[in-house]
Each structure stands twice: as C-alpha cells, then as structure tokens.
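Below is a structure I'd like to ask you about.
Nothing in this text is a laboratory measurement; each read-out follows from the coordinates by a stated rule. Note that this is a predicted model, so its numbers are computed, not measured. Backbone-built Cβ (ideal geometry, glycine too); neighbour counts: all protein chains shown.
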C-alpha cells in the first residue's frame, strides 16, 4: 500500500523541481514522510531514529558512540553527492582521499560490520 501510494502521488502530482534544494521535499525523505504521515500503514515498522540515523552533532565522537551502541544498525553519511553546489568539490583529489579514508578507517575499526 505504501509504495502504491508513493507512485500514485508522483503520477498525480509530478514534482516540479527547480533546483537541488527542492529534492528532499519533492522525492526524498520529506516526500516519503509526508505520504507516510498522511495515511495509516499498520504493516510498516518505523524504528527509533537512533537505529539508522543517530544524531551526529560532534561527527567523530558521535559516530564512535553510535558504532558502540548495540541498537544502532547503520549511520547515514550525508555526503550530499546529489547536490549540484558541491559538484566541483566531489572531484577534487582532497575530497576523494578524505572520503576513502573515512571508509577505510570504518572498516579497520569495525571489520565485522
């Protein structure tokens, strides 16, 4: 039912996105939340935010704390690769090295995950 409602809403109200700042509301998490909150879906389980998107105020310390929390199953790394405003940044050697280092460090610290 949920995905049918998503498709139906997209067909009936095609998003009119003028720039990258509207993506979250047009087809992203805000859109999905809107559809979810407008209807009742008893078969959908929504875990606590800390399970997949823990609050990361102090990136390094909070990520480490989330990794040690047995209730956290994943962490959203918001790199914003879909944002046009960061396009030049993505392709710099410095940026690629930094992102690769984050992935390698994560694998070293948590080889079982």
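If packing is taken as the average number of other Cβ atoms within 10 Å across a peptide's residues, how do 26-35, 96-105 rank, most packed first?
Working: 26-35: 14.0, 96-105: 11.1.
Per-residue mean Cβ counts within 10 Å order the peptides as 26-35, 96-105.
Let me ask something additional. Work out, step by step, the length gained on full extension between residue 99 and residue 2: first 0.36 nm times the residue separation, then minus their alpha carbon distance; give nm to one decimal.
Gain on stretching residue 99 to residue 2: 31.5 nm.
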